[in-house]
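Q: The structure that follows is given in the form of structure tokens.
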């Protein structure tokens, strides 16, 4: 994987031990360092410590931690985009990144990251970036592995070197993993409104969710719900239905219309949708927030599902 790329090369690999992880990541990093390329590593403490011990010159790589970087798919795309722009402006002809995408096997939540893994093939396609996504074969769920194999144009095997991936699907035809069913959805909603205005939906969130999540999460939730209702009213198909489930420490909201959702497969992930896809701006704003957001297409219509969870801390609402 040597040399400077002229466009994004997105590769994935699976490893079954720390030694296999080392054999995949160290050559990738050290080739980049030797070529004078910025190398950005977004791993947690354990893997970062391993890498610092394995690399000949760890100080020449940028370690930025994994949890904050991979907060939400849209925020990650935006953050990396700013980094790439800065490095290219400074004269970089090649950039390398590697990090842990959240999924259930590493303590995260994969919903939404399937779209990320697909979308970056388009969003970064003209940037001189090489990204290597390494997944632990022992912990990655089968459904996540299936997505990984369909979203990476290149796979790296144990023998090293990328090879073309015959299972790769272009983002325009890629279908992600079905969104999981949230346990709250099995119970009657706390509040339900038919054809609400954005202000009515915001008021319902404030009235029912206050005290169940932190003030910051509540503000984010109000904004995301307002944007979703406005989008559904303008770009969707009536009727529009708002539902919310509220329990101590957790709020889940649905904004549903009977249309098919935005036609732009990058909606919510980038800031500048194509002409005629204005719904993407509101979705992108919402995707920048510290919320769980799923875009769900079903035979009966399109749902924006928004979840807020109380964060641990001395002032967090008590779970009940």
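Q: Set the Förster radius R0 to 30 Å, insert the Cβ-Cβ distance between residue 146 and residue 88 as r into 1/(1 + (r/R0)^6), and round the FRET efficiency to 0.05.
A: Calculated transfer efficiency: 0.35.
Q: Oh, and also: Find the centroid of the Cα atoms in the stretch 100-153 and in the stretch 203-233, then give the distance between the two in whole Å.
A: Using only Cα atoms to place each centre, the spacing works out to 29 Å.
Q: What is the calculated FRET efficiency for residue 125 to residue 181, with r their C-beta to C-beta distance and R₀ = 51 Å, to the nearest 0.05?
A: So the FRET efficiency works out to roughly 0.90.
Q: Whole percent per 5 Å bin, from 0 to the bin with the longest distance: what is P(r) over all C-alpha pairs of the stretch 165-318?
A: 2, 10, 18, 22, 20, 14, 8, 4, 2, 1, 0
Q: Moving on to the next point. Looking only at 119, 253, 138, which one moves most when the chain is put into a Gaussian network model with springs between Cα atoms under 10 Å?
A: Per the Cα network of the chain with a 10 Å cutoff, 138 tops the list.
Q: Place the peptides 7-20, 181-194 in order of packing, highest mean first, counting for every residue the other Cβ atoms within 10 Å and averaging per peptide.
A: 7-20, 181-194
Q: For helix 198-209, report the angle its Cα long axis makes with the longest principal axis of the Cα atoms of the chain; keep it between 0 and 90° and round to the nearest 10°.
A: Between the helix axis and the principal axis of the chain, the angle is about 90 degrees.
Q: Follow-up. Please check: in the Gaussian network model of the chain (C-alpha springs, under 10 Å), which one of 145, 297, 56 has the largest mean-square fluctuation.
A: Judging by the Gaussian network model, the answer is 56.
Q: Kindly express, to the nearest 10 degrees and within the range 0 to 90, the angle between helix 113-123's C-alpha long axis and the longest C-alpha principal axis of the chain.
A: For 113-123 against the chain, the angle is about 60 degrees.
Q: Sticking with this structure for a sec: Nearest-5 percent of antiparallel DSSP beta bridges in the stretch 187-282?
A: The answer is about 90 percent antiparallel.
Q: Could you sort 166-175, 79-88, 216-225, 197-206 so that the peptide with the highest average Cβ count within 10 Å comes first and the rest follow in order?
A: 216-225, 197-206, 79-88, 166-175
Q: Follow-up question, since we're still on this one. When semi-axes √(5λ) of the Cα gyration tensor in Å is calculated directly from the model, which label among [x] 43, 22, 17; [y] 37, 21, 18; [z] 40, 28, 19 fits?
A: [y]
Q: Here's a follow-up. Helix-only mean residue ellipticity at 222 nm, the chain, DSSP H runs n ≥ 4 weighted -39,500 (n - 2.57), per residue, nearest 500. What is it?
A: Values: 8 runs with 107 residues, N = 320.
Calculated from helices alone, the mean residue ellipticity at 222 nm is -10500 deg cm²/dmol.
Q: Let me ask something else. For a quick check: sort 303, 309 by the number of other beta carbons within 10 angstrom, fewest at the front.
A: Ascending Cβ contact count within 10 Å gives the list 309, 303.
Q: I would also like to ask the following. Please give the helix 18-34 orientation as an angle from the longest Cα principal axis of the chain, in degrees from 0 to 90, rounded to the nearest 10.
A: 70 degrees
Q: Computed FRET efficiency, Cβ-Cβ of residue 34 and residue 297, R0 56 Å: what is it to the nearest 0.05?
A: 0.75
Rule-based calculations on the coordinates, nothing more; no lab input. Keep in mind that this is a model prediction, so the values were computed, not measured. All Cβ positions, glycine included, derive from the backbone under ideal geometry; neighbour counts span all protein chains shown.
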